[in-house]
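Please read the structure below before turning to the comments.
The values are calculated or read from the model by the stated rules, or taken from the named source; none is laboratory data. Please read these numbers as outputs of a predicted model, since none were measured by experiment. Here Cβ is always computed from backbone atoms with ideal geometry, including for glycine, and neighbour counts include all displayed protein chains. Areas reflect the complete protein model, heavy atoms only, side chains present, ligands, DNA and RNA absent. Shrake-Rupley method; radii C 1.70, N 1.55, O 1.52, S 1.80 Å.
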Amino acid sequence: MDLSELDRDSTGRCRLNSPVPAVCCKEPCALGVDEAGRGPVLGPMVYAICYCPLSRLADLEALKVADSKTLSESERDRLFVKMEEDGDFVGWALDVLSPNLISTSMLGRVKYNLNSLSHDTAIGLVQYALDQGVKVAQVFVDTVGPPETYQEQLQQHFPGIEVTVKAKADALYPVVSAASICAKVARDQAVKNWHFVEDLQGLDADYGSGYPNDPKTKAWLRKHVEPVFGFPQFVRFSWRTAQSILETEAEGVLWEDSPTGDQEGPGRIMSYFSKSPQTLPRLPHRYFQERGLESATTL
């Protein structure tokens, strides 16, 4: 699996895909959707689709695909290679979302939560398969949020397709299990071979599971937080665990246009992303004060 595009630019997203089997453009297909890496504070989140003709679902099931969380890394790698070898009837596509993309989306001026990002990514991948000529007849999705609401949303986007959204779909439908394996193999490879653009002294590659409650992961975060610039791009700085470490380990920030006088010292970095009300009036920037400019409330 070639993730060189992510190596070149680890701040955005990249898409990978297999060739589309000719049979998938001729026969009605089932398509599964799943993700890997939704919860960790480290590394990308990967969304995947896998599809095959309805007439070949038994062949896909015969590969012994299963929920990727129940398989070892070597078993996942073996099954992915097997699906590649059976490329005459199985196709897949991935969307790899970098930690930077996830965090900037969640902390942007217009909030874009993880569920919305996940839903839109899944919709984009299904549409991608359709644009490639795949005759998608059925879509099976491992739910994010309430399955009924998610299914209704997908059904509105794809009215001519039968959509099923279930919790634990990766354990119920082989085509979702296959997507789960594709996503997990890609994330494992991305994490293992992550290209750090930052010049980190004494980089420790042992960061545990990457999940926020893992003591080893927390220790890695504390070790590699930079007091001024924060975390490497490998870290989802919008996660509460990362924010807490920034609050205690990073330097305070006093902006040039911040009020002075009775202010009790500079605020912490993450305070500028919160919606908490300001207790002190904020003066406009010096540029506006020197020119006597004021905000216009009416036109």
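Among V197, V176, which is the only one that is open to solvent by 50 Å² or more (accessible area, probe 1.4 Å) and β-branched (V, I, T)?
V197
Name the residues in region 88-100 that are farther than 14 Å from W239 by Cβ, open to solvent by 10 Å² or more (accessible area, probe 1.4 Å) and not in a loop (DSSP other than H, G, I, E, B), would you?
W92
For C50, all conditions in the list (1) at pLDDT 95 or above; (2) surrounded by fewer than 23 Cβ atoms within 10 Å (Cβ to Cβ) hold save one; what is the number of the exception?
That leaves (2) as the condition not met.
Filter region 101-116 down to residues that are touching a residue at least 24 places away in the same chain (Cβ under 8 Å) and over 16 Å from F231 (Cα atoms) and give me whichever is least open to solvent (accessible area, probe 1.4 Å).
Across region 101-116, the extreme among qualifying residues is L114.
Between residues in region 5-23 that are open to solvent by 70 Å² or more (accessible area, probe 1.4 Å) and residues that are of a type in the set (D, E, K, R), which pairs lie under 6 Å by C-beta distance while being six or more apart or on different chains?
Partner pairs satisfying both residue conditions: R15/D95.
Residues to consider are D170, D142; find the one that is open to solvent by less than 20 Å² (accessible area, probe 1.4 Å), under 25 Å from V20 (Cα atoms) and not β-branched (V, I, T).
Among D170, D142, only D170 is open to solvent by less than 20 Å² (accessible area, probe 1.4 Å), under 25 Å from V20 (Cα atoms) and not β-branched (V, I, T).
Would you check which residues across region 150-187 are closer than 20 Å to R56 by Cβ and among the aromatic types (F, W, Y) and list them?
Y173
Kindly list, by first and then second residue, each pair from a residue in region 73-87 that is of a type outside the set (V, I, T) to a residue that is open to solvent by 30 Å² or more (accessible area, probe 1.4 Å) and part of a helix (DSSP H, G or I), limited to pairs with Cβ atoms under 7 Å and residues at least 6 apart or on different chains.
E73/D188; R76/K184
Condition (residue is touching a helix residue (DSSP H, G or I) at 6+ places or on another chain (Cβ under 7 Å), farther than 20 Å from R15 by Cβ and part of a helix (DSSP H, G or I)) applied to region 65-74: is it met by at least one residue?
For region 65-74, residues touching a helix residue (DSSP H, G or I) at 6+ places or on another chain (Cβ under 7 Å), farther than 20 Å from R15 by Cβ and part of a helix (DSSP H, G or I): present.
Could you tell me whether any residue of region 145-153 is open to solvent by 30 Å² or more (accessible area, probe 1.4 Å), touching a helix residue (DSSP H, G or I) at 6+ places or on another chain (Cβ under 9 Å) and outside any helix (DSSP H, G or I)?
Yes, because at least one residue in region 145-153 is open to solvent by 30 Å² or more (accessible area, probe 1.4 Å), touching a helix residue (DSSP H, G or I) at 6+ places or on another chain (Cβ under 9 Å) and outside any helix (DSSP H, G or I).
If you go through region 53-75 one residue at a time, how many are out of contact with any strand residue (DSSP E or B) (no Cβ under 8 Å at 6 or more places or on another chain), crowded, with 17+ Cβ neighbours inside 10 Å and among the aliphatic types (A, V, I, L, M)?
4
With the requirement that a residue be over 24 Å from G108 (Cβ atoms) and aliphatic (A, V, I, L, M), what does region 185-240 give you?
V185, A186, V191, L200, L203, A205, A219
Would you point out the residue of region 211-249, among those that are assigned to a helix (DSSP H, G or I) and basic (K, R), that is most open to solvent (accessible area, probe 1.4 Å)?
Per the criteria, the residue is R240.
Quick test of your reading of the structure: Q127 fulfils all but one of (1) crowded, with 16+ Cβ neighbours inside 10 Å; (2) part of a helix (DSSP H, G or I); (3) over 15 Å from the mean Cα position of the chain (by Cα); (4) of a type outside the set (A, V, I, L, M, F, W, C). Name the failing condition by number.
Among (1) crowded, with 16+ Cβ neighbours inside 10 Å; (2) part of a helix (DSSP H, G or I); (3) over 15 Å from the mean Cα position of the chain (by Cα); (4) of a type outside the set (A, V, I, L, M, F, W, C), the lone unmet condition for Q127 is (1).
For R78, only one of the following conditions fails: (1) open to solvent by 70 Å² or more (accessible area, probe 1.4 Å); (2) in a loop (DSSP other than H, G, I, E, B); (3) not hydrophobic (A, V, I, L, M, F, W, C). What is its number?
(2)
Considering region 24-47 alone, what residues qualify as being open to solvent by 10 Å² or more (accessible area, probe 1.4 Å) and among the acidic types (D, E)?
Scanning region 24-47 gives E27, E35.
If you scan region 1-36, which residues turn out to be at pLDDT 90 or above and either assigned to a helix (DSSP H, G or I) or of a type in the set (D, E) (or both)?
A22, V23, C24, C25, E27, D34, E35
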